[in-house]
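K.L.:
Below you will find the structure I want to go over with you.
The values are calculated or read from the model by the stated rules, or taken from the named source; none is laboratory data. The model shown is predicted, which means the values in this text are computed figures rather than measured ones. Note: ideal-geometry Cβ built from the backbone for every residue, glycine included; neighbour counts use all protein chains shown. Ligands, DNA and RNA are excluded from the accessible area calculation, which covers all protein heavy atoms including side chains. Shrake-Rupley method; radii C 1.70, N 1.55, O 1.52, S 1.80 Å.
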Amino acid sequence: MARHFDFPGGIHPPARKQRSAEAPLRSAPLPSRVVLPLQQHIGTPAEPCVSPGQYVRTGERIAIAQGMVSTDIHASISGWVRSIESHPVPHPSGERASCIVIDGDDKDEWQRLPVLNWRQSHHAELIERLRHAGIVGLGGATFPAQIKAAIGEHHRIDSLVVNAAECEPYITTDDVMLRTHADDVVEGARLMAHLCGAERILIGIEDDKPEAINALEASLRASGTDDDAPIALRVIATRYPSGGEKQLIKRLLNREVPSRGLPADIGVLCHNPGTLRAAVQAVREGRPMVSRVVTLTGAAVNRPGNVEARLGSLMCDLLAAAELREAEVSRLIMGGPLMGFELSHTEIPLVKASNCLIAATQDELPTAPPEQPCIRCGACETACPAGLLPQQLYWYARSHDHDKAELFNLFDCIECGACDFVCPSHIPLAQYFRAAKDEIRFRRHEALKAEHARHRFELRQARMEREAAEKEARRQARKAAIRRRSQDQGLSEDSQPTETTDNAANAVMEDDIKTLRIAQAAARAAVKKAEKALARASETGEGDIDDLEVQLATARENLRTTESRLSAAREARENAS
Amino acid sequence: MSLMHAEQTAIRHPGDSGRLMAWVAIATLPGIITLTWHFGWGVITNILLAILMGWSLEATVMRLRRRPIVATLRDNSALVTAILLGASLPPASPWWLLLVGMIAAIIVAKHLFGGLGHNPFNPAMVGYALLLISFPVPMTQWTAPLGLLSSQAPSLSDIVFHITGLSGTTLPDTWTGATALDAFKNKPETVMASEFWATSPLPEGARTAWYSVSLAWLAGGMLLLYQRIIGWQIPAAMLGSVLLAATVLYAVDPSHHGSPLFHLLGGATLFGAFFIATDPVSAATSRRGKLFYGAGIGLLIMLIRTSGGYPDAVAFAVLLMNFTVPFIDYYTQPRAQGHSRPNHGIKPPPSSNEDRR
Ligand code: SF4
Ligand code: SF4
């Protein structure tokens, strides 16, 4: 039965966590300049609300969230806005993006949000706070936290899972942070459970982090009130990728997140410990997200360890502080060695998603040998935690046979890289899969574009119809008002013609009203459906949110049209009788 | 994309594709040594010639395709194909027989289909089947198990003379004998199995020789399993279905069917189970698919042995099952996480249509 509580596959790569986990959490020196990308989260980039030359304080909002899936950006040091410019950002293909650059004044003057007590605040207020504090998931997905916090509105959540598994080699941010800040994490878990209505909290952690486990146990003993959700600490055997959201849920609860679904669909919400700590700080101390813990490691740094660094600090400065031996570096890796990517230079800022920076020597992580043909040995299948057949996916991804790739569940691939790790032919499988997914998404997007144009046209039509219907309703209302006034004055001549209307016309009106009432109910249902689709899309971050918004607006216009028509018909009936 | 690779770390792992194939080559050694011990130097000449031809053919094709030659030879796939074909042919086969077989294996079966990884059929078995159909006489004349060192055994110079093809297509009578399966196959209908064996139809020691060779292949197979070069699925399913079918037939009619042990050890069953059917490129790919694939080979072997026209059937059974691989692959997809059922068949998933809407 133990097998049941498990995900298939998985690998045991060398952990190499020792070096960075031994050092205590340090604070990185205050940077003299920060570069803050406008998009450090999944969703729409924020809009800058400062101008060059303006003085900002640490924690002051410098860019405002746009749309539903977005979040604010804050100054991470105090000083003067230097420019808003395009700057290289952490990205596999070395892309540039628009960033706000701030020159520091070394004073670190803070501007905090008002302090809140989460046990006494309204949900709406707390959720607003998460948005205004720029809290995003620090586990890698950088999904805005307020959306996850509000997920209880649409889903019944029974369990909150704290994902402290941290299974990828080299990375020790959660481990080291938990040793010193377990209390904050536990309180953050309680806060989030309170918001989503979870009945219990499960902390999943791998058994190679004894110190973090001790710290958590201690803070669990020390804290909590009687009406808080019960917290259970679950220590699991180390295996990559236990820290995958779906894999951890499977291991802790033996539930499977449905394909293309969310953990919320099976009553679970997953949070990374770093996110929880940031959320608690935002509420309790009014501290927006201006820093994060990052692991600096690899054989080419003399002082490996974890530092709490301001967002926007340049990677080169962080590495210099960790005493990088530049000559020995053969690969610079952002993220872990399995899911991360190589950087070509380090003039890029630390962002909310950056959890680890590895400066590896040639001996440590040798360059991959050349790719060889797939011999269909099946090693990748044995390693795949999603129960896929990577060898088949590879075949179809390479030949751009997208239908077949989807038939073999391409979109259930979590891009964990376990298959690459074991492949004897050194095929970068996960990279092929990511590319195939992008290609499919792009095609769908193209197909949707045409659809989107049609939806916009429909919205315009609906608006015009609504305006006409409203005009008609106003006319009928005016008429009714005049009639009523004249009736009040006892003038009976005006009512003369109404007596000539026969019963047949009346019956027709009754029928009209009935049809309109049905149309109104249908329009109301359509609005509900559109609202749901939009809510879903903003929870998953997938789907064309713009398009869904247009569709919702159309449905609303239609509803108003039917409502106006109905009231017009009613007035007309009144007038006629 | 993983920037870390298993073989570059300290964990236990078979290594890269080339090393994987090298292990297969190493695992054939017990079988080759035992074969040589019983059947003489002809086994070695077969294999060496085949290897030379395999390398030259591969190099030629790589030249024509303008691909790196050395890097391709290092994947060791031509080496393994050559060893397997050389070991399957009657010892001291003439050079032209080997050459035709190797051309069919390397050029036709492998490179015309796009090279390693793209070949739907097992190259060595394509070569073998082609030879068996085209040259049935030299293909069914096995040397008698005279032993490597006995005085009757042909000397190395005899063999060299023979493989040059100068001595004609047939072997000198004193050398030849039929394989056990072959002899049993040709047993007259009226003769009971027990009577047949009582007439000692085979040269002396032939059965022991065949059995010990089979056990040597088994030993090599165990090495492959231990080194995780092959999975247990195909050999287990194939041997299981051979045993099952043989037991049923033997139980129903012991006088006209070989015993299960005879079917297991008397022919190329074990060689096929560990070295031929497990060729990953042409086999079914999922773990579940491999079970069906192996079981299918086992059943076909028994079907051809009992009712077909050829005494041993590993090559045909494997090739026939190679045909079914795409079909097996479609129908044996494992259940992916988050799905209630595995996807079957070749229709596109309904979910993708939904998404497009
Ligand atoms: S591990 Fe590599 S070589 Fe083996 S089947 Fe998978 S993709 Fe092919
Ligand atoms: S990257 Fe995708 S296919 Fe490869 S092991 Fe991970 S989930 Fe499976």
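K.L.:
Out of B:ALA245, B:ALA237, report the one residue that is more than 18 Å from the chain's Cα centre (by Cα), at pLDDT 90 or above and not basic (Lys, Arg).
P.N.:
Numbers: B:ALA237 fails: more than 18 Å from the chain's Cα centre (by Cα).
One residue alone meets the criteria, B:ALA245.
K.L.:
Filter the range A:322-343 down to residues that are out of contact with any Lys or Arg (no Cβ under 8 Å at 6 or more places or on another chain) and either on the phi > 0 side of the Ramachandran plot or more than 14 Å from every other protein chain (Cβ to nearest Cβ) (or both) and give me whichever is surrounded by the most Cβ atoms within 10 Å (Cβ to Cβ).
P.N.:
Here the residue is A:GLY335.
K.L.:
What residue, of A:PRO45, A:PRO37, is crowded, with 16+ Cβ neighbours inside 10 Å and either free of Cβ contacts under 8 Å to residues at least 60 places away in the same chain or of a type in the set (A, V, I, L, M, F, W, C) (or both)?
P.N.:
Details: A:PRO37 fails: either free of Cβ contacts under 8 Å to residues at least 60 places away in the same chain or of a type in the set (A, V, I, L, M, F, W, C) (or both).
Of A:PRO45, A:PRO37, the one residue that is crowded, with 16+ Cβ neighbours inside 10 Å and either free of Cβ contacts under 8 Å to residues at least 60 places away in the same chain or of a type in the set (A, V, I, L, M, F, W, C) (or both) is A:PRO45.
K.L.:
To continue, here is another question. Residues of the range A:405-422 being away from ligand 1 (no atom under 16 Å from the Cβ) and open to solvent by 20 Å² or more (accessible area, probe 1.4 Å), which ones?
P.N.:
Listed by number, the residues that qualify are A:PHE411, A:ILE414.
K.L.:
From the list A:ALA368, A:ALA353, A:ALA359, which one is surrounded by fewer than 24 Cβ atoms within 10 Å (Cβ to Cβ), in contact (Cβ under 8 Å) with a residue 12 or more places away in the chain, of a type outside the set (D, E, K, R) and more than 10 Å from every other protein chain (Cβ to nearest Cβ)? It would help to see each step written out before you state the result.
P.N.:
Numbers: A:ALA368 fails: more than 10 Å from every other protein chain (Cβ to nearest Cβ); A:ALA359 fails: surrounded by fewer than 24 Cβ atoms within 10 Å (Cβ to Cβ).
Going through A:ALA368, A:ALA353, A:ALA359 in turn, just one is surrounded by fewer than 24 Cβ atoms within 10 Å (Cβ to Cβ), in contact (Cβ under 8 Å) with a residue 12 or more places away in the chain, of a type outside the set (D, E, K, R) and more than 10 Å from every other protein chain (Cβ to nearest Cβ): A:ALA353.
K.L.:
Name the residues in the range B:307-336 that are buried (at least 18 other Cβ atoms within 10 Å of the Cβ), within 10 Å of chain A (Cβ to nearest Cβ) and either more than 19 Å from the chain's Cα centre (by Cα) or of a type in the set (Asp, Glu) (or both), would you?
P.N.:
B:ASP329, B:TYR330, B:THR332, B:GLN333, B:PRO334, B:ALA336
K.L.:
Taking the condition of being closer than 20 Å to A:ALA453 by Cα and open to solvent by 30 Å² or more (accessible area, probe 1.4 Å), how many residues in the range A:520-530 meet it? Steps first, please.
P.N.:
Initial filter on the range A:520-530 (closer than 20 Å to A:ALA453 by Cα): A:526-527, A:530.
Imposing the further condition that a residue be open to solvent by 30 Å² or more (accessible area, probe 1.4 Å) reduces the set to A:526.
Final tally of qualifying residues: 1.
K.L.:
Taking the range A:340-383 as the search range and keeping residues that are within 9 Å of ligand 1 (Cβ to nearest atom) and among the hydrophobic types (A, V, I, L, M, F, W, C), which one is nearest to A:SER76 (Cα to Cα)? Show your work before the answer.
P.N.:
We begin by selecting, within the range A:340-383, every residue within 9 Å of ligand 1 (Cβ to nearest atom); these are A:372-383.
From the residues that got through so far, the ones that are among the hydrophobic types (A, V, I, L, M, F, W, C) too are A:374-375, A:377, A:379-380, A:383.
Details: A:CYS374: 48, A:ILE375: 51, A:CYS377: 50, A:ALA379: 46, A:CYS380: 43, A:ALA383: 41 Å.
Only one residue tops the list, namely A:ALA383.
K.L.:
While we're on this one: Looking only at the range A:371-395, which residues are part of a loop (DSSP other than H, G, I, E, B), open to solvent by 40 Å² or more (accessible area, probe 1.4 Å) and closer than 16 Å to A:ALA430 by Cβ?
P.N.:
A:GLU371
K.L.:
In addition: Could you check how many residues of the range B:234-270 are closer than 17 Å to B:MET222 by Cβ, touching a Ser or Thr at 6+ places or on another chain (Cβ under 9 Å) and either polar (S, T, N, Q) or open to solvent by 40 Å² or more (accessible area, probe 1.4 Å) (or both)?
P.N.:
Total satisfying the criteria: 1.
K.L.:
Further question: Checking the conditions here, which among B:THR81, B:THR34 is more than 14 Å from chain A (Cβ to nearest Cβ) and either open to solvent by 10 Å² or more (accessible area, probe 1.4 Å) or within 16 Å of ligand 1 (Cβ to nearest atom) (or both)? Write out each step before concluding.
P.N.:
Numbers: B:THR81 fails: more than 14 Å from chain A (Cβ to nearest Cβ).
So the residue among B:THR81, B:THR34 that is more than 14 Å from chain A (Cβ to nearest Cβ) and either open to solvent by 10 Å² or more (accessible area, probe 1.4 Å) or within 16 Å of ligand 1 (Cβ to nearest atom) (or both) is B:THR34.
K.L.:
Being under 26 Å from the mean Cα position of the chain (by Cα) and either modelled with pLDDT of 90 or more or part of a loop (DSSP other than H, G, I, E, B) (or both) narrows it down to one of B:LEU261, B:LEU270, so name that one. Outline the logic, then answer.
P.N.:
Values: B:LEU261 fails: either modelled with pLDDT of 90 or more or part of a loop (DSSP other than H, G, I, E, B) (or both).
From the options B:LEU261, B:LEU270, the qualifying one is B:LEU270.
K.L.:
Taking the range A:252-270, which residues are among the β-branched types (Val, Ile, Thr) and at the interface with chain B (Cβ under 10 Å from one of its Cβ atoms)?
P.N.:
The answer is A:VAL257, A:ILE266.
K.L.:
Just to verify a result, which residue in the range A:395-414, among those that are charged (D, E, K, R) and facing another protein chain (nearest Cβ under 9 Å), is nearest to ligand 2 (Cβ to nearest atom)?
P.N.:
A:ASP412
Residue-wise test of (1) over 24 Å from A:ALA21 (Cβ atoms); (2) open to solvent by 20 Å² or more (accessible area, probe 1.4 Å); (3) in contact with a strand residue (DSSP E or B) (Cβ under 8 Å, 6 or more places away or on another chain).
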{"site": "A:ALA222", "(1), (2), (3)": "no, yes, no"}
{"site": "A:TYR240", "(1), (2), (3)": "no, no, yes"}
{"site": "A:LEU248", "(1), (2), (3)": "no, no, yes"}
{"site": "A:ARG251", "(1), (2), (3)": "no, yes, yes"}
{"site": "A:SER259", "(1), (2), (3)": "yes, yes, no"}
{"site": "A:ILE266", "(1), (2), (3)": "yes, yes, no"}
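K.L.:
Okay, moving on. If we scan the range A:435-444, do we find a residue that is surrounded by 19 or more Cβ atoms within 10 Å (Cβ to Cβ) and within 13 Å of ligand 1 (Cβ to nearest atom)?
P.N.:
Checked against the condition, which is being surrounded by 19 or more Cβ atoms within 10 Å (Cβ to Cβ) and within 13 Å of ligand 1 (Cβ to nearest atom), the range A:435-444 yields no hits at all.
K.L.:
Still on this model: Could you please find all residues in the range A:537-564 being surrounded by fewer than 17 Cβ atoms within 10 Å (Cβ to Cβ) and among the basic types (Lys, Arg)?
P.N.:
Answer for the range A:537-564, where residues must be surrounded by fewer than 17 Cβ atoms within 10 Å (Cβ to Cβ) and among the basic types (Lys, Arg): there is none.
K.L.:
Related question: Any idea which of A:GLU128, A:GLU109, A:GLU85, A:GLU95 is of a type outside the set (A, V, I, L, M, F, W, C) and either under 21 Å from A:PRO29 (Cα atoms) or open to solvent by less than 20 Å² (accessible area, probe 1.4 Å) (or both)? Lay out the reasoning, then the answer.
P.N.:
On the way: A:GLU128 fails: either under 21 Å from A:PRO29 (Cα atoms) or open to solvent by less than 20 Å² (accessible area, probe 1.4 Å) (or both); A:GLU85 fails: either under 21 Å from A:PRO29 (Cα atoms) or open to solvent by less than 20 Å² (accessible area, probe 1.4 Å) (or both); A:GLU95 fails: either under 21 Å from A:PRO29 (Cα atoms) or open to solvent by less than 20 Å² (accessible area, probe 1.4 Å) (or both).
After applying the criteria, what remains is A:GLU109.
K.L.:
Those residues that are open to solvent by less than 30 Å² (accessible area, probe 1.4 Å), over 15 Å from the mean Cα position of the chain (by Cα) and away from chain A (no Cβ under 14 Å), I need them from the range B:107-138; list them, please.
P.N.:
Selection gives B:PRO138 alone.
K.L.:
Sort through B:SER286, B:SER340, B:SER307 and tell me the only one that's within 30 Å of A:ILE266 (Cβ to Cβ) and away from ligand 2 (no atom under 16 Å from the Cβ). Break it down stepwise before answering.
P.N.:
Details: B:SER286 fails: away from ligand 2 (no atom under 16 Å from the Cβ); B:SER307 fails: within 30 Å of A:ILE266 (Cβ to Cβ).
Criteria check complete, one pass: B:SER340.
K.L.:
What are the residues in the range A:91-116 that are among the β-branched types (Val, Ile, Thr) and not in a loop (DSSP other than H, G, I, E, B), if any?
P.N.:
Once the filter is applied, which keeps residues that are among the β-branched types (Val, Ile, Thr) and not in a loop (DSSP other than H, G, I, E, B), the range A:91-116 yields A:ILE100, A:VAL101, A:ILE102.
K.L.:
Condition check: in a helix (DSSP H, G or I), crowded, with 21+ Cβ neighbours inside 10 Å and small (Gly, Ala, Ser). Does A:ALA218 satisfy that? Show your work before the answer.
P.N.:
Numbers: in a helix (DSSP H, G or I): yes; crowded, with 21+ Cβ neighbours inside 10 Å: no; small (Gly, Ala, Ser): yes.
No; evaluated as a whole, the condition is false for this residue.
K.L.:
Something else: For the subset of the range B:62-78 comprising residues that are open to solvent by less than 60 Å² (accessible area, probe 1.4 Å) and under 24 Å from the mean Cα position of the chain (by Cα), which member is nearest to the other protein chains (Cβ to nearest Cβ)? Full working, then the answer.
P.N.:
First, pick out the residues of the range B:62-78 that are open to solvent by less than 60 Å² (accessible area, probe 1.4 Å): B:62, B:69, B:71-73, B:75-78.
When the remaining residues are screened for being under 24 Å from the mean Cα position of the chain (by Cα), the result is B:72-73, B:75-78.
Working: B:THR72: 9, B:LEU73: 12, B:ASP75: 6, B:ASN76: 11, B:SER77: 8, B:ALA78: 13 Å.
Filtering the range B:62-78 for residues that are open to solvent by less than 60 Å² (accessible area, probe 1.4 Å) and under 24 Å from the mean Cα position of the chain (by Cα), the one nearest to the other protein chains (Cβ to nearest Cβ) comes out as B:ASP75.
K.L.:
Another one. Looking at A:ASP174, is it part of a loop (DSSP other than H, G, I, E, B), of a type in the set (D, E, K, R), assigned by TED's automatic domain parsing to the domain that holds A:LEU253 and touching a residue at least 24 places away in the same chain (Cβ under 8 Å)? Give the derivation first.
P.N.:
Details: part of a loop (DSSP other than H, G, I, E, B): no; of a type in the set (D, E, K, R): yes; assigned by TED's automatic domain parsing to the domain that holds A:LEU253: yes; touching a residue at least 24 places away in the same chain (Cβ under 8 Å): yes.
Answer is no for this residue.
K.L.:
Kindly indicate which of A:GLN391, A:GLN431 is at the interface with chain B (Cβ under 7 Å from one of its Cβ atoms), more than 8 Å from ligand 2 (Cβ to nearest atom) and without any contact (Cβ under 8 Å) to a residue 12 or more places away in the chain.
P.N.:
Values: A:GLN391 fails: without any contact (Cβ under 8 Å) to a residue 12 or more places away in the chain.
So the residue among A:GLN391, A:GLN431 that is at the interface with chain B (Cβ under 7 Å from one of its Cβ atoms), more than 8 Å from ligand 2 (Cβ to nearest atom) and without any contact (Cβ under 8 Å) to a residue 12 or more places away in the chain is A:GLN431.
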